[in-house]
Every structure is written in C-alpha cells, then in structure tokens.
Amino acid sequence: MISKEEFDKIASLSKLRFSDDEEVIIKKEIEQILAYMEKISGIDTAGVQPMYTPLDISAPLRNDEPVEGMPRETFMNEVPSKKDGFVKAPLVIKKRKSL
C-alpha cells in the first residue's frame, strides 16, 4: 500500500493533479500494478531467452546508404510558412505559468 505522501510525490513528479475521488481510484490502480509486479518478480526466468516480439518473424534491415535529398529551394517553395529563410512552425509548447 502506498502512503498519501508517496502518492502526492508521484503526482507531483508526474506534474498531475487529482481530485479526491480520482486520487482514490488512481491509488487503487497503482497498488494493483505494484501487487502484480511483486507477483511476477518472483518468477524464475533463469535460462529464458529474451523475447523482442511476440511474433515469430524477422524483419530484415535495409542497408544504411546515403541518398540525395531534396534541394533546399524546392523544399522551401513547398513550405506553407517561412521567415528569414527558415521554416515557421506553429507553437506547440506554451510557456507555463509560475506556480
């Protein structure tokens, strides 16, 4: 069972805030996950080969060879928004208000 302090620390580190009702639900789910992790940590996996995919297939990798890229002028002519010779992209990360 995780304590209120541990839960609050996890929430703070995750930059998440929960209502009291959400906290009860999330705390229960975290405890279930930890109980499951405890259960599977006791399984003896000595001699078991790691499984990288559940499918029995192999994906051949192509050779890593350089290819000719698009000329800058062609690329910049296709860009919907540019400024001073650079691509102008929409803002995706907003400044956070001080807490």
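Listed here are the residues, each with its yes/no results for (1) assigned to a loop (DSSP other than H, G, I, E, B); (2) on the phi > 0 side of the Ramachandran plot; (3) loosely packed, with under 10 Cβ neighbours inside 10 Å.
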position	(1), (2), (3)
GLU6	no, no, no
LYS15	yes, yes, yes
ALA46	yes, no, yes
ARG62	yes, no, yes
PRO66	yes, no, yes
PRO80	yes, no, yes
PRO90	yes, no, yes
ILE93	yes, no, yes
ARG96	yes, no, yes
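For PHE75, are the conditions met, namely being surrounded by 10 or more Cβ atoms within 10 Å (Cβ to Cβ), touching a helix residue (DSSP H, G or I) at 6+ places or on another chain (Cβ under 6 Å) and among the aromatic types (Phe, Trp, Tyr)? It would help to see each step written out before you state the result.
Values: surrounded by 10 or more Cβ atoms within 10 Å (Cβ to Cβ): yes; touching a helix residue (DSSP H, G or I) at 6+ places or on another chain (Cβ under 6 Å): no; among the aromatic types (Phe, Trp, Tyr): yes.
Against the criterion (surrounded by 10 or more Cβ atoms within 10 Å (Cβ to Cβ), touching a helix residue (DSSP H, G or I) at 6+ places or on another chain (Cβ under 6 Å) and among the aromatic types (Phe, Trp, Tyr)), PHE75 does not qualify.
Among the residues of segment 52-60, are any surrounded by fewer than 10 Cβ atoms within 10 Å (Cβ to Cβ) and in a helix (DSSP H, G or I)? No; the residues of segment 52-60 include none that is surrounded by fewer than 10 Cβ atoms within 10 Å (Cβ to Cβ) and in a helix (DSSP H, G or I).
Looking across segment 17-44, just one residue is aromatic (Phe, Trp, Tyr) and either in a helix (DSSP H, G or I) or surrounded by fewer than 10 Cβ atoms within 10 Å (Cβ to Cβ) (or both), and that is TYR36. Take the conditions (1) closer than 30 Å to ASP84 by Cβ; (2) among the small types (Gly, Ala, Ser); (3) under 26 Å from the mean Cα position of the chain (by Cα); SER41 misses just one of them, which is (1). For ILE2, the requirement of being touching a helix residue (DSSP H, G or I) at 6+ places or on another chain (Cβ under 8 Å), part of a loop (DSSP other than H, G, I, E, B) and open to solvent by less than 100 Å² (accessible area, probe 1.4 Å) is met.
The values are calculated or read from the model by the stated rules, or taken from the named source; none is laboratory data. Note that the coordinates shown come from a computational prediction; the quantities given were computed from them, not determined experimentally. Positions of Cβ are generated from backbone atoms using ideal geometry, with glycine treated the same way; all protein chains shown enter the neighbour counts. Note: areas computed on protein heavy atoms with side chains; ligands, DNA, RNA excluded. Shrake-Rupley method; radii C 1.70, N 1.55, O 1.52, S 1.80 Å.
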